[in-house]
């Protein structure tokens, strides 16, 4: 029983570490401020992948959720939060943004 538990734990740790991809292929520097004289806008998220948009939102301390993914509406709460971004995405890329 101990060997089986140890093997299961080792497998879990390996899978957990495998998810920590350190490649920079799909990353942006989401902490960079907007160019001088330009404000950060919701449109900054358009065209970003899910990972890029989430990274940017976390670094900006921006609340967000996915409202539509690949044409399929996602379950949402009915509260209105004007500070929260609602992302619409197709094939893993943000194509639309609303607030609420």
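Could you tell me which of the residues 26, 44 is modelled with pLDDT of 95 or more, surrounded by 10 or more Cβ atoms within 10 Å (Cβ to Cβ) and not in a strand (DSSP E or B)? Break it down into steps so the answer makes sense when it comes.
Details: 26 fails: modelled with pLDDT of 95 or more.
Only one candidate passes the filter, namely 44.
Results for (1) assigned to a loop (DSSP other than H, G, I, E, B); (2) touching a helix residue (DSSP H, G or I) at 6+ places or on another chain (Cβ under 6 Å); (3) within 18 Å of residue 39 (Cα to Cα), shown as yes or no for each residue.
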| site | (1), (2), (3) |
| --- | --- |
| 68 | no, no, no |
| 78 | yes, no, no |
| 88 | no, no, no |
| 98 | no, no, yes |
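To keep it simple, each residue is scored yes or no on (1) in contact with a strand residue (DSSP E or B) (Cβ under 6 Å, 6 or more places away or on another chain); (2) surrounded by fewer than 16 Cβ atoms within 10 Å (Cβ to Cβ); (3) in contact (Cβ under 8 Å) with a residue 12 or more places away in the chain.
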residue: 51; (1), (2), (3): no, yes, yes
residue: 57; (1), (2), (3): yes, no, yes
residue: 61; (1), (2), (3): no, yes, no
residue: 79; (1), (2), (3): no, yes, no
residue: 91; (1), (2), (3): no, yes, yes
residue: 98; (1), (2), (3): yes, yes, yes
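The values are calculated or read from the model by the stated rules, or taken from the named source; none is laboratory data. From a predicted model like this one, the values you see are computed outputs, not experimental measurements. Counting neighbours? That spans all protein chains shown, and the Cβs are built from the backbone with ideal geometry, glycine included.
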